[in-house]
Every structure is written in C-alpha cells, then in structure tokens.
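Asker: The structure that follows is given in the form of structure tokens.
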2 protein chains.
Amino acid sequence: MNFLEEKIVKEGIVKEGNVLKVDSFLNHQMDIELFNDMGKEWKKRFAGKNINKILTIEASGIGIACIVAQHFGVPVVFAKKSKSINLEGDMYTAEVESFTHKNKNQVIVAKKFLSEEDHILLIDDFLANGCALQGLIQIVQSAGATVEGIGIAIEKGFQTGGKIIRNLGYQLESLAIVDDMNAATGEIVFREQ
Amino acid sequence: MNFLEEKIVKEGIVKEGNVLKVDSFLNHQMDIELFNDMGKEWKKRFAGKNINKILTIEASGIGIACIVAQHFGVPVVFAKKSKSINLEGDMYTAEVESFTHKNKNQVIVAKKFLSEEDHILLIDDFLANGCALQGLIQIVQSAGATVEGIGIAIEKGFQTGGKIIRNLGYQLESLAIVDDMNAATGEIVFREQ
C-alpha cells in the first residue's frame, strides 16, 4: 500500500451507497503534509510533461491543487460551479452532474485564464462516474489548450469514469483506486498499481 | 505599498457596485507564490499565537488557507456552504449572507473537527460586511474553541465588517485594506497600516 492507501485504510469510513468518507484528511479537514506527498508523487508520474497550469474544480479540488502546484511551480485555476456576478466576459462552460449532491451544475472558467498555449494538469479529489472531469476536459478543449495529464486522489474503480478517461487516451494517475468496498465490514480493496 | 497592494494595483479591476475583481491571482486563477508571501506575513503578524488549526470557508478561502497552513504547520478545515449527503452526524451551523451571490447559505462544520482544545486562525480572501466571518466565529464559539486571530487578504474598509470584528476584540490582520475605489478612474486608495 502506498501512503494514500494507508491513510484511507486508517481514517476512511465506508458507508452505504458507495460512499467513502475521507473528510478527516481530504475534503473537509485537509492534511497538508499528505497533499505535499501527493504533489511529490504526481511530479514523479508526470515527469517530462510540459505543464504550465493546473485546473481543478471547486470546492474540494482546490486545496489539493494549490499544494500540488508548488511541486510544478505553476498557478492554479479553479472552475466555478455557479454563475457569480463577479464572473463576467467570455466564459467556457460545461454541464456536469454531481454524484454527491445529486444535481447538475454549470462548470465555468473565464476564457482569459485558458488559451491554446496552455498545457494543463487536471487535479481533483475523487473520480467516480467522471462527469466533473469530462466537463473540465471539455473546457480545456474548448480553449484549444492541451490536457497533459490528470491527477486524481481517489478513484472509485468500480465506477466507469476511470475506464472512460483512459480509453480516451489520457494519462490518468489515480493515487488510490478502490476496486471494492464493503459498508458492512469496512473493508476496502485497492487495485494493484 | 506592500506586495499584495502592489498586486492589486497591477492586476485588480474596479467595477461598478463596489466590486474589486482580483480573479487573475486570488479567487479564480490563484498565484501560489503570492499566497506563500501572505503566509509569511501572517506568520509574522500572529507570532507567539498558539495556533493549531486554520478554518476557512469554501470556495475561494481554501487555496489561501492551504498554502498559509504550511507556514503554521497545521491542518485546514473548510466550512461548507450547503448540506451534502456526505456530511453526516453532528454539525455546527450558522447562516450567512453572500454579498457576491446575493443569497443566504448555511455554513457547516462537522463537530468532530472542532473542539474546545482548538486554537483557530480564520482565513478568508475578502472581508466586506463580515457576514461570512461572523458565521465562522459563531461556529468556533459553538465548539468552545478559541479564535486566535483572523487573516484576510483584502478588506473593503468602506464597509462595516472590519470595524465590527475589531470592536469585538479580535486580532484582525487584513493584508490590504481598500478605503476607497473608483470604477470610473480605476483608482484604489489603501489604508495606511
């Protein structure tokens, strides 16, 4: 087991409905040292890639993306989930469905922050059905920018998102892939990587 | 002018309706080096304070809080703005009104992440009428925890939030206080600190 899998086993809680609660270190309380370890690992896995910007999505991707950005020496852009009066001018948008919140959101990035010169690393905390990620990829493509890679903390390997994204040819690096989990026993099975 | 005021003058845009757009470096695209400079400055201003946790609020506080946390060696908790099916068990809540989005939100922190042993640094990107901040203070107090200090990137000094918070006796350290701004000329007047 790697450092993230160990942390998940130690602090994660499996709930009914395919919910893996990791709110003590990933998406409510945030373990900054762990995020730095994730940054080091992705820096290794994306070695040689020409990355000049990280794109993530609010809210729980932001903290990870900012810490990881230090390992690549690049700025972060976070996609917003609802139209704000402070967001003006031309925007790239995509529609995504949230597994957690059971609703649809417009995902928005101001056009001025993405251009065809950009080489993007996408970062997010979870990958399940892949809707959010596909929205981000769509936005990067709309800008004529390049997706150099995708870093996910925890992939639910028993859902289809990872397979779809890999089949599209992207380098998807999930630090922990949960292939099975059992709410009754609390057991979590990780994919060998 | 300090480093943040210089950045605001260089890249900020004053809009009608008391809107200061700083989305190129603070709350849409994020300048991680700048956030590190902010962390260094707050570490100086809160020297000697016994801080063991940072509390912020989604979404635009998260990135700043995570980078700043590295300067204090502490974890971050971010308050959530809407009830999620992944948030269970006992929660502290407060109701806050958003200036930007013109709506009311429940602000939520799981009880297990705040206790009376906690000494909290509150971090956020903007302070205007102070509603969000008062919600966070209320949550910290509900937990019996201590607010050791409050770090704000940009305070709108012509609104009442800063005055109210300081009158309550909190050490509020805003790195840039805008006392006046003019959408017609683009001029920004900072308070001498």
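Asker: Do we have any residue at all in segment B:112-128 that's basic (K, R) and free of Cβ contacts under 8 Å to residues at least 40 places away in the same chain?
Answerer: Scanning segment B:112-128, I find at least one residue that is basic (K, R) and free of Cβ contacts under 8 Å to residues at least 40 places away in the same chain, so the answer is yes.
Asker: Which condition number does A:N18 fail, the rest of (1) polar (S, T, N, Q); (2) farther than 22 Å from B:K81 by Cβ; (3) modelled with pLDDT of 95 or more being met?
Answerer: Result: A:N18 passes all but (3).
Asker: Restricting attention to segment A:19-33, which residues are within 7 Å of another protein chain (Cβ to nearest Cβ) and among the polar types (S, T, N, Q)?
Answerer: Result: A:Q29, single match.
Asker: Where residues in segment A:49-81 are assigned to a helix (DSSP H, G or I) and surrounded by fewer than 24 Cβ atoms within 10 Å (Cβ to Cβ), which of them is nearest to the other protein chains (Cβ to nearest Cβ)?
Answerer: The selected residue is A:Q70.
Asker: Could you list, in sequence order, all residues of segment B:155-193 that are in contact (Cβ under 8 Å) with a residue 60 or more places away in the chain and part of a strand (DSSP E or B)?
Answerer: B:K156, B:E173, B:L175, B:A176, B:V178, B:M181, B:I188, B:F190
Asker: Provide a single number: the residues in segment B:109-133 that are farther than 12 Å from B:V96 by Cβ, more than 11 Å from chain A (Cβ to nearest Cβ) and surrounded by fewer than 19 Cβ atoms within 10 Å (Cβ to Cβ).
Answerer: Looking only at that region, the number is 5.
The values are calculated or read from the model by the stated rules, or taken from the named source; none is laboratory data. This structure is a prediction, so every number in the text was calculated from the model and none was measured. Neighbour counts are summed over all protein chains in view; Cβ atoms, including those assigned to glycine, are modelled from backbone coordinates with ideal geometry.
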